[in-house]
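Following: one structure in structure tokens, then a few remarks.
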């Protein structure tokens, strides 16, 4: 690498602030600009950020030649200093951040470009680009934050932008409410996240800086010897991740989030924001790796989400809803990965998923745009003829997400499933880590405090027992990996099926809508088309960076992330032998092919009675799937209705009576009443007042003398 | 010339003061009330002068002159007020002057 004339750390704040600048300009005075100026102000900063990100990436590669664990740090100033606690306003670009940086700015720019065409008839274009730029800004804060507090700023920022963009067409009540739902559900997750940050502050030496946290939790001498505390912190962090990354039970907002403009769904609700939870867990790998129990919970929630959402996706008829449930399901895969300790695989899937899912959403947007806002796939079909470019890019990304080699999704999904069964936590090492806690427990259990030989032996025996118990409990967790693997495999099968069902119903067969729309249907204009083409190309080649055994025993993507994930890897053992790896690859391929084949049988060969027959044969199952397992209805009955009732009761009693009447109006009424009494004394007769004065003075004189 | 005992002076002053007070409290005509106030002031003057003389001080005398001057100013302002009230209401009777009550 030649010498760089710039200093990469100094680029970090510029990368972050450019989109903010664009957002502010468009937000404040964008209304007065012509459309072209708004487009330019919206797109240019993101493109510039992307180019600078590439420079940072190259700089990082250069720096890694001399120092394999190099990272760029930029510390702007001390943000909050209070006692022993301190937060810096600082950026960190390590290998993980660099990957996210490229994805966010790269896909972000393509979506901006696409939007110039997709939103070309919308009057609120300045507002739209302003929100979109603010989103990119927040997302960059999230991935470049050097500590949890900075990450949290971005975390909340993307949440707010997501809310604004879901409810972008706020005159439609349903869309405004969908935005609100997303916001509220995310808040629930954020509570867990904030509490986890506070706990970390309390237990990890007063700093939530990633570098110092990692140092703290790597040093077993200083380590927390409370295994339960670490598990609790991890679970609370995961609650936050559940909200942002749409996992059970907080996934309900994501399908509704499709109310926003389609490019927004592609960028925020598929490629970037929703992966923040996965990113955060991978970032905190050094902590999660310490708690196999919490990891297992994470993995199982991911597996359940993957299969649950995939099964709903099987029968949905709205093109965006299918993709939404597919996103939830793929996020489930990523969460399986980080829960299984396959952090690199999780980030790898995040990386590839960003390309093909963004491509799918943008393709769906092109279809919707071409068909005058028709979203029901039952009214589509045969669009291959009208939209050749959209057709080919959509097909490529369908193949990629279904997991057929050699496209991106195959390698990443296969890596997740393979590592889920191959890895296991290093129970012995972990037990060594928690020694202090075991010792304390042993003393309590043995009920002695003395230093006599008999006592010491007793304590040692108790300690041995506790240690053994812990190791066994960790080893017992292994069976859940098989469960997650099985669920993941089923979800992969469903993925292949519903994606190709979507493809066949949209692009092949005969058109089922009205002729007027058909006549006006058109292929994507160039800004849309070029974004689609680039993303489709990336969906093909994106997986190759993580191809196993591509260069002997060397996987570029994993190797790249090693410095960040090293600590997590230390505590999780297991390696895939090539034979196992290849057989699992074969299994993945077979499963994906079966899914595609069934879809082709049912939807790809012209009009078929099979779907209707199967639906009729399993009416209750079909209805449950079609209605998304009635989860929304369930939440409405169990959470929302009681909450509203309690709120109403509180409003009527506490607010109306206690606050309004007793505390606000009450004193007023009392004063008015007293004033009425006082008014009686005011007769207006001067001499009456004078008598009062004289009597008063006389009384005073009497008292004094 | 024998000095008038202090007790006599104070008794006279007390009588004058009470007379003025009763006048202020009972008379309905504002003019009479003002005159009664003057009587009360002069009763106080008498007390001051009496004590001054008894103790052979001069401060009381000075203060008495001071009060006479202020009383003159007060009477001027008071009479001017009465005059303008009379122009407004065509009366100087206190019972009719209860504007603030209504």
### Task
Scan segment B:1-17 for residues that are farther than 23 Å from residue B:73 by Cα and either within 14 Å of another protein chain (Cβ to nearest Cβ) or within 14 Å of the chain's Cα centre (by Cα) (or both) and report the count.
2
### Task
Determine, yes or no, whether residue A:137 is under 19 Å from residue A:56 (Cα atoms), touching a residue at least 60 places away in the same chain (Cβ under 8 Å) and not in a strand (DSSP E or B).
yes
### Query
Quick check: is even one residue across segment A:191-198 more than 20 Å from the chain's Cα centre (by Cα), under 20 Å from residue A:79 (Cβ atoms) and surrounded by fewer than 19 Cβ atoms within 10 Å (Cβ to Cβ)?
yes
### Query
Is it the case that residue A:498 is closer than 30 Å to residue A:372 by Cβ, assigned by TED's automatic domain parsing to the domain that holds residue A:397 and assigned to a helix (DSSP H, G or I)?
yes
#### Entry: Subset of segment A:675-687 (residues that are within 11 Å of another protein chain (Cβ to nearest Cβ) and touching a helix residue (DSSP H, G or I) at 6+ places or on another chain (Cβ under 9 Å))
A:682, A:683, A:684, A:685, A:686, A:687
### Query
Hey, any hits in segment A:39-50 for a residue that's exposed (fewer than 14 other Cβ atoms within 10 Å of the Cβ) and out of contact with any helix residue (DSSP H, G or I) (no Cβ under 8 Å at 6 or more places or on another chain)?
no
### Message
Between B:30, B:22, which is crowded, with 16+ Cβ neighbours inside 10 Å and under 25 Å from residue A:686 (Cα atoms)?
### Response
B:30
### Query
If you go through segment A:666-673 one residue at a time, do you hit one that is within 14 Å of chain B (Cβ to nearest Cβ), assigned to a helix (DSSP H, G or I) and out of contact with any helix residue (DSSP H, G or I) (no Cβ under 8 Å at 6 or more places or on another chain)?
no
### Message
Residues that are outside any helix (DSSP H, G or I) and either touching a strand residue (DSSP E or B) at 6+ places or on another chain (Cβ under 9 Å) or in contact (Cβ under 8 Å) with a residue 60 or more places away in the chain (or both): does segment A:157-164 have at least one?
### Response
no
### Task
Please indicate, with yes or no, whether at least one residue in segment A:694-703 is exposed (fewer than 10 other Cβ atoms within 10 Å of the Cβ), closer than 30 Å to residue B:27 by Cβ, at pLDDT 90 or above and within 14 Å of chain B (Cβ to nearest Cβ).
yes
### Query
Would you call residue A:363 over 24 Å from residue A:121 (Cβ atoms), in contact (Cβ under 8 Å) with a residue 40 or more places away in the chain, touching a helix residue (DSSP H, G or I) at 6+ places or on another chain (Cβ under 6 Å) and surrounded by 24 or more Cβ atoms within 10 Å (Cβ to Cβ)?
no
### Query
Among the residues of segment B:41-100, which ones are within 14 Å of chain A (Cβ to nearest Cβ), surrounded by fewer than 12 Cβ atoms within 10 Å (Cβ to Cβ) and under 14 Å from the mean Cα position of the chain (by Cα)?
none
### Query
Would you call residue A:233 closer than 16 Å to residue A:148 by Cβ, buried (at least 24 other Cβ atoms within 10 Å of the Cβ) and more than 17 Å from the chain's Cα centre (by Cα)?
yes
## Note on the structure
Wholly inside segment A:576-641, helices (runs of 4 or more DSSP H) that include 3 or more residues that are surrounded by 11 or more Cβ atoms within 10 Å (Cβ to Cβ) and more than 28 Å from the chain's Cα centre (by Cα) are A:578-599, A:610-617, A:619-626
### Task
State yes or no: is residue A:269 in a helix (DSSP H, G or I) and surrounded by fewer than 24 Cβ atoms within 10 Å (Cβ to Cβ)?
no
### Query
Of the residues in segment A:385-408, how many are outside any helix (DSSP H, G or I) and within 21 Å of residue A:598 (Cβ to Cβ)?
4
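The values are calculated or read from the model by the stated rules, or taken from the named source; none is laboratory data. Keep in mind it's a predicted model, so treat the numbers as computed, not measured. A quick note on method: Cβ atoms are made from the backbone with ideal geometry, for glycine too, and the neighbour counts reach across all protein chains shown.
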